[in-house]
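J.: Dropping the structure in here first, questions after.
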Amino acid sequence: MKQVFVSPGFIVLLIIASAIIIKEFINPIGMYGASNWSLTYYMVELIQGAFSLSIIIVITFYTAEVEWRARNTGIVDIVDSMPVHNFIFWLSKLLAVSLIVVVLLGFGMLFTLANQLRDPNKIDPVCYVSANEVAQQWFGHQLLPANVQGSAVLSETLSQYAALQLMVNKYGETKLRQFLSSELDDYLRGRSTEYLQEMPLMRAENKAYIYYNKGSIVMMAIADRIGFDKLNKAIKGLLEKFENSNSRKATTLDLLSAIKEVADPKAHAFINQQFSDINLYNIKLLAAKWEKETSQVNLKIDAARVIADGLGNETPAVFDDVVDIVVFANDPSDFSSETVVLYRQKHRLVNGENELVIRLDGSLNDGSQPAYVGVDPFVRFIGTDVKDNVLRIKTKAEE
């Protein structure tokens, strides 16, 4: 074993394997500009991928090396003359090669553990998962849903919402963009592979991409629209109503009614859309220009909405809603740094092309300059293509 570890061939292969892992760390797979969390399963997949090729090469090379050394030293002849089974000596060779594999895997594990711990400012998936599991126990033991469509929403979706509130308090809303962008991607991928029929959130069945991924976005969108306090009050009222109820179990109709009871009537249409329909939006920035002389950003935004049925057939629908317009001093997709928001307001958009003028007179006192602008950057709408939701702002000189 000692000769193996100090041999030039092993050292070269180890360096190559390390380079493969480091390359994956530097250029992680991402979604909409948001790099993946360094979850354990992702680290395991990384080792099982390109790193496994290095292990196979090492095994192939050193299996022959061990056999060659045995023959070169005449051990084969000695083994044949000894009164023991040959498999004992073959077992020692197998153990030697296996130990090499164990050492290589341990080396890869140390690399991946170091990567998971290298940035304490990243979103902690363990914190999120723990919060979600505790919330499932909380809702599961107090709110028993009726055995009908949508029952998973009353446990899984509400648990997601509770965990997301913790993440907002811990990391801030701007960093939560990373999570919600990933949730949106998972929802769109899930509905694209649906082999039966997609249901609206209100009637979600055993489809995690609806009650988990879509549910996260919907609950955060409603909280943004009516306020976290009001939404929490609605959920608390629902729990109190059905906590000791033996006559009837809760359904998503009760949840919807509780939310609308505390919400402003102007928000009812939006809430109904999120629960009862399959709404898909396409809101994209066409142009963003900064005029320093007047301290204003000129925007062109295209907005559209369709309603899909369970089979994916889409029908154009009217878009007339308020959408977040946010101006950033740095790249909001760079989650390694703190996002600086210079302006955030909701503006009404309608079908087709919209032109807006954003004035930043009172937002630039500290010398900050607008660098990026986003339309619905915090993922309040189920967008089918969010890559063009954020644009770098151009000056007149760059046109």
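J.: Which residue, of Leu176, Leu285, is within 30 Å of Glu353 (Cα to Cα), touching a residue at least 12 places away in the same chain (Cβ under 8 Å) and in the same structural domain as Asp385 (by TED's automatic domain parsing)?
T.: Leu285
J.: Another question, if that's okay. Name, by its number, the condition in (1) at pLDDT 85 or above; (2) buried (at least 20 other Cβ atoms within 10 Å of the Cβ); (3) in contact with a Phe, Trp or Tyr (Cβ under 6 Å, 6 or more places away or on another chain) that does not hold for Gln178.
T.: (1)
J.: Considering each of Ala303, Ala288 in turn, give the residue that is under 22 Å from Pro377 (Cα atoms), buried (at least 18 other Cβ atoms within 10 Å of the Cβ), out of contact with any Lys or Arg (no Cβ under 7 Å at 6 or more places or on another chain) and modelled with pLDDT under 95.
T.: Only one candidate qualifies: Ala303.
J.: From the list Lys241, Lys170, Lys236, Lys214, which one is touching a residue at least 40 places away in the same chain (Cβ under 8 Å), assigned to a helix (DSSP H, G or I) and surrounded by fewer than 16 Cβ atoms within 10 Å (Cβ to Cβ)?
T.: Step by step, each of Lys241, Lys170, Lys236, Lys214 is checked, and only Lys170 is touching a residue at least 40 places away in the same chain (Cβ under 8 Å), assigned to a helix (DSSP H, G or I) and surrounded by fewer than 16 Cβ atoms within 10 Å (Cβ to Cβ).
J.: What is the one condition in (1) without any contact (Cβ under 8 Å) to a residue 40 or more places away in the chain; (2) in contact with a strand residue (DSSP E or B) (Cβ under 7 Å, 6 or more places away or on another chain) that Ser181 does not satisfy?
T.: Of the numbered conditions (1) without any contact (Cβ under 8 Å) to a residue 40 or more places away in the chain; (2) in contact with a strand residue (DSSP E or B) (Cβ under 7 Å, 6 or more places away or on another chain), the odd one out for Ser181 is (1).
J.: Do we find that Glu205 is of a type in the set (Asp, Glu), surrounded by fewer than 17 Cβ atoms within 10 Å (Cβ to Cβ), out of contact with any Pro (no Cβ under 9 Å at 6 or more places or on another chain) and part of a helix (DSSP H, G or I) in this structure?
T.: no
J.: Is it fair to say Thr294 is among the polar types (S, T, N, Q) and part of a loop (DSSP other than H, G, I, E, B)?
T.: Criteria met by Thr294.
J.: Can you tell me which residues in region 184-202 are more than 13 Å from Ser151 (Cα to Cα), assigned to a helix (DSSP H, G or I) and over 17 Å from the mean Cα position of the chain (by Cα)?
T.: Ser192
J.: Anything in region 310-327 that is at pLDDT 90 or above and assigned to a strand (DSSP E or B)? List them, or say none.
T.: Within region 310-327, Thr315, Pro316, Ala317, Asp320, Asp321, Val322, Val323, Asp324, Ile325, Val326, Val327 qualify.
J.: I'm trying to understand the selection: among the residues of region 223-233, which are surrounded by 13 or more Cβ atoms within 10 Å (Cβ to Cβ) and either without any contact (Cβ under 8 Å) to a residue 40 or more places away in the chain or out of contact with any Leu (no Cβ under 6 Å at 6 or more places or on another chain) (or both)?
T.: If the condition is that a residue be surrounded by 13 or more Cβ atoms within 10 Å (Cβ to Cβ) and either without any contact (Cβ under 8 Å) to a residue 40 or more places away in the chain or out of contact with any Leu (no Cβ under 6 Å at 6 or more places or on another chain) (or both), then Asp224, Arg225, Ile226, Gly227, Phe228, Lys230, Leu231, Asn232, Lys233 are the ones that fit.
J.: Could you identify the single residue in Leu158, Leu144 that is at pLDDT 90 or above and either over 29 Å from Val327 (Cβ atoms) or buried (at least 19 other Cβ atoms within 10 Å of the Cβ) (or both)?
T.: Leu158
The values are calculated or read from the model by the stated rules, or taken from the named source; none is laboratory data. What you see is a predicted model; the values in this text were computed from it and never measured. A quick note on method: Cβ atoms are made from the backbone with ideal geometry, for glycine too, and the neighbour counts reach across all protein chains shown.
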